[in-house]
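One structure, as structure tokens, below. Some questions next.
The values are calculated or read from the model by the stated rules, or taken from the named source; none is laboratory data. Predicted model, so just to flag it, every value in this text is computed and none were measured. Here the Cβ positions follow ideal geometry from the backbone for every residue, glycine too, while neighbour counts run over all protein chains shown.
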Amino acid sequence: MSQAATALRDARRKSGLTQAQLAEGLGTSQAAIARLERPGANPTVATLRRALRAAGYGLELHAALQPSGVDLPQLLHHLNLTPAERLRAHQAAYDNMRRLVPGTDGGG
């Protein structure tokens, strides 16, 4: 379930509201609330804020640094290589891969 859907459903339940009651407070339908609480729901921030406010809650956003999955030391190492050194490193990696692939030079 998306974080937005979970947050809205939990806030509504903690407030003791049914989907129909929350919908009435928002001037929408119970089906619209069900869609907002459905897994994969992707409401706008404004819609989520309005719905949470109607349930008696506020919305606080914060940015958290996420790991990038990039090997920064390796990237910095390669950026510090000269163009000729980069070409030699690429050629060496290419040669190693060819040896691993059956049917190519040196492959099994």
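Assess whether GLY69 counts as being farther than 30 Å from GLN30 by Cα and outside any helix (DSSP H, G or I). Break it down into steps so the answer makes sense when it comes.
Numbers: farther than 30 Å from GLN30 by Cα: yes; outside any helix (DSSP H, G or I): yes.
Here the answer is yes, as GLY69 does meet what is asked.
Give me a count of the residues in the range 53-90 that are closer than 26 Å to ASP10 by Cβ and loosely packed, with under 10 Cβ neighbours inside 10 Å. I'd like the intermediate steps shown before the answer.
Going through the range 53-90, the residues closer than 26 Å to ASP10 by Cβ turn out to be 53-66.
Now narrow it down to the ones that are loosely packed, with under 10 Cβ neighbours inside 10 Å: 58, 60-66.
Matching residues across the range 53-90 total 8.
So for the range 57-67 (the condition being farther than 30 Å from PRO43 by Cβ and out of contact with any helix residue (DSSP H, G or I) (no Cβ under 7 Å at 6 or more places or on another chain)), does at least one residue qualify? Let's see the steps before the verdict.
Of the range 57-67, the ones farther than 30 Å from PRO43 by Cβ are none.
For the range 57-67, residues farther than 30 Å from PRO43 by Cβ and out of contact with any helix residue (DSSP H, G or I) (no Cβ under 7 Å at 6 or more places or on another chain): absent.
Among the residues of the range 26-43 satisfying the criterion of being surrounded by fewer than 12 Cβ atoms within 10 Å (Cβ to Cβ) and at pLDDT below 95, which is farthest from SER2 (Cα to Cα)?
ASN42
Something else: Scan the range 24-45 for residues that are part of a helix (DSSP H, G or I), free of Cβ contacts under 8 Å to residues at least 12 places away in the same chain and within 27 Å of HIS62 (Cα to Cα) and jot them down.
Scanning the range 24-45 gives ALA32, ARG35.
Please list, ordered by first then second residue, the pairs with beta carbon atoms under 7 Å, 6 or more apart or interchain, first in the range 85-104 and farther than 24 Å from LEU75 by Cβ, second surrounded by 10 or more Cβ atoms within 10 Å (Cβ to Cβ) and small (Gly, Ala, Ser).
Correct list of pairs: ARG98/GLY106; ARG98/GLY107; ARG99/GLY106; ARG99/GLY107; VAL101/GLY107.
Does PRO102 meet the test of being exposed (fewer than 11 other Cβ atoms within 10 Å of the Cβ) and either modelled with pLDDT of 90 or more or in contact with an Asp or Glu (Cβ under 6 Å, 6 or more places away or on another chain) (or both)?
No, not satisfied.
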